[in-house]
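The values are calculated or read from the model by the stated rules, or taken from the named source; none is laboratory data. Model, not experiment: these values are computed from the prediction. These accessible areas exclude ligands, DNA and RNA; they are computed on the full protein's heavy atoms, side chains included. Shrake-Rupley method; radii C 1.70, N 1.55, O 1.52, S 1.80 Å.
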Amino acid sequence: PIGPAQPVAGRHRSAAAAPRRGHRAVTGSGFVAGHRPFAIGAAIVVAVVGLSVVWLNDDDHPSVSVVPAVAGTAEHDATKVIKAGGFDIRVARTVDESVPAGVVLTQSPAPGTKAATHSAISIVVSAGPNAVTIDPAVLLGRPFTEVSRALTAQGLQVVRRQVISGGAPGTVTDVSPHGPVPVGASVTVSVVGPAVSGARYNSASGGSTDAWLNSGRNGR
């Protein structure tokens, strides 16, 4: 006999067991079904890396500073500016015929670039034009012709000044200026009375004329 219809097992699930459309099931561990736990960790790593990049590129970071412009300034002023920027300084000198001694000629790194603080900024400072060092103490009593020849050979312009003195005629009584004298400058040599033709200096009393002229440049 045909009895009342029986429900088919498994055909219908209870309304409480079926998830509603538009909602995601939550697992017992608290994660949303369909999402893997490492996704959150990856997001954290990306955030940390991003913050690190911003920190390293921060213009106000104390380990990086802008290199100041010091070329053309006095060495003393350049030193103060460089140290105020947090840098160390390295100095070299070179002869320059047109720039006075003590003026900064070049610098490295270039101004306006960024460099790590406490790194060295190198500057090249003018030592002025080539110079001959003259010691007047060893010139007194030497013949003018000998002194004039030696000064001219060193690139100096000799100006003779005749004076009245008790020394031997034609001998030197003074030279001005003395010390380091730029090449090409004029040097005034004071000479006693009229020059004596053929006068010779007694080398036994003072040695050669070149002894009082520094053979190097700029006092070296």
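Working out 0.36 nm times the residue gap between Val159 and Lys80, then minus their Cα-Cα distance, what length gain in nm do you get to one decimal?
Difference between extended and current length: 24.2 nm.
In whole percent, how big is the carbon plus sulfur part of the accessible area of the range 112-183, probe 1.4 Å, protein atoms only? Could the numbers behind the result be given before it?
On the way: 2010 of 3450 Å².
Roughly 58 percent, rounded to a whole number.
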Histogram of C-alpha separations across the range 86-130, 10 Å bin width, % = 29, 43, 23, 5
With Rh as the Kirkwood radius over Cα pairs, the range 105-187 has Rg/Rh of 1.34
Between the range 77-105 and the range 176-192, the Cα center-to-center distance that results, in Å | 29 Å
